[in-house]
Amino acid sequence: MLRLKTVISGLPSKFSTEPESLIAIGSVRTSFGVHGWVKVASHSGEWPHFYALNSVVLEDVQTGNRIPFEIEGFTMHHGGGILKFAGLDSPEKAKMLAGREILAAREFAAPLGADEWYLKDLTGLAMVTEQGGELGKIVGVIEAADDILEVRRGDGSSFMVPFRQQFVSEPDFAAQTIVLFAPWLAE
């Protein structure tokens, strides 16, 4: 049985794997072909930024373990993207990466349009009442059909808020806040 440690031996460790410096841009779906390529899914649905990648970090969503990889190639195939990681030269090794998140430096993520932001940018904003009272800080975003904000109160307890316009405002990045319109969600 192959072990991921042997797959990545000899890869450079010069890439930052710090959570605050990386954006999830996609995920590894499965292996492709016999030379170690992998099919990838783009979280934004866009592909041009993948061509500029020269290195990424792959994160195991179960354990949080992160491994840096150099990129040998990217191309489109039948409407989807495929990547070639350095050091992976067989479908067996490539398949071991299925399900991992592809993290890249912010400058290699899909470009944002006007009034757009990455979900990651919501972390750290204060959740406030309509009167301006702070309820807590957003500590995480659960990505689902309707994204859910995890808010931590000052006492350490948490509550969840659906990220929908009937419950919360658009984020105000200048003020570093999101207004909660449904205070019963914080009870």
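Taking 0.36 nm per intervening residue step and subtracting the Cα-Cα distance, what contour gain separates VAL61 from PHE173 on full extension?
37.5 nm
Convert each backbone phi in region 137-143 into a coupling constant with the Karplus relation 6.51 cos²θ - 1.76 cosθ + 1.60 (shift: θ = phi - 60°), then list the ³J(HN,Hα) values in order as whole Hz, x for Gly and Pro.
In residue order, the calculated couplings are 10, 6, 10, x, 10, 8, 7 Hz.
I want the local charge near VAL128. Using Cβ-Cβ distances under 10 Å, sum +1 for each Lys or Arg and -1 for each Asp or Glu among the other residues.
Net of charged neighbours comes to -3.
Hand me the chymotrypsin sites (Phe, Trp or Tyr not before Pro) from region 44-87 located in a DSSP loop with no more than 16 other Cβ atoms within 10 Å, in residue order please.
Those that pass, being in a loop and sparsely packed, number zero.
Given 0.36 nm per residue, what is the gain on full extension from ASP146 to ALA182 after removing their alpha carbon distance, in nm?
11.4 nm
Hey, rough spin-label estimate for ASP155 and THR30, points 7 angstrom out along Cα→Cβ, what's it come to in nanometres?
About 5.0 nm separates the two model spin labels.
Taking amide H atoms as placed 1.01 Å from N in the peptide plane, list the residues 5 or more away in sequence, or in a different chain, whose amide H sits under 5 Å from that of LEU135.
Amide H to amide H, under 5 Å and 5 or more residues apart or across chains, LEU135 pairs with MET127, VAL128, THR129.
Grab the DSSP H runs of the chain that are 4 residues or longer, score each as -39,500 (n - 2.57), total them, divide by all residues and round the 222 nm result to the nearest 500 deg cm²/dmol.
The per-residue figure over the chain is -1000 deg cm²/dmol.
Within a Cβ distance under 10 Å of LEU58, other residues only, what is the Lys/Arg minus Asp/Glu net charge?
Spelling it out: positives minus negatives among the neighbours equals -1.
For region 119-186, take N as its residue count and report Rg(C-alpha) divided by 2.2 N^0.38 Å.
Against the compact-globule rule of thumb, the ratio is 0.97.
Would you please give the FRET efficiency between THR123 and ASN54, computed as 1/(1 + (r/R0)^6) with r the Cβ-Cβ distance and R0 = 22 Å, to the nearest 0.05?
0.25
What does DSSP give for region 119-186 in terms of the percent of beta bridges that are antiparallel, rounded to the nearest 5?
So the antiparallel bridges amount to about 85 percent of the total.
In whole Hz and in residue order, list the ³J(HN,Hα) couplings for region 75-83 that follow from phi through the Karplus curve 6.51 cos²θ - 1.76 cosθ + 1.60, θ = phi - 60°; x for Gly and Pro.
8, 9, 9, 6, x, x, x, 10, 10
How big is the chain by the Kirkwood estimate over distinct Cα pairs, in Å?
Computed over the chain, the radius equals 18.3 Å.
For a protection proxy built on the mean count of beta-carbon atoms within 10 angstrom, sort 105-117, 129-141 highest first, please.
129-141, 105-117
Would you kindly derive the ³J(HN,Hα) couplings of region 84-97 from the backbone phi angles with the Karplus curve 6.51 cos²θ - 1.76 cosθ + 1.60 (θ = phi - 60°), listing them in order in whole Hz, with x for Gly and Pro?
10, 8, 4, x, 10, 10, 9, x, 5, 5, 5, 5, 5, 8
Any read-out appearing in this document is the output of simple, stated calculations on the displayed coordinates, not a laboratory observation. Keep in mind the model is a prediction, meaning the values are calculated, not measured. Neighbour counts are summed over all protein chains in view; Cβ atoms, including those assigned to glycine, are modelled from backbone coordinates with ideal geometry.
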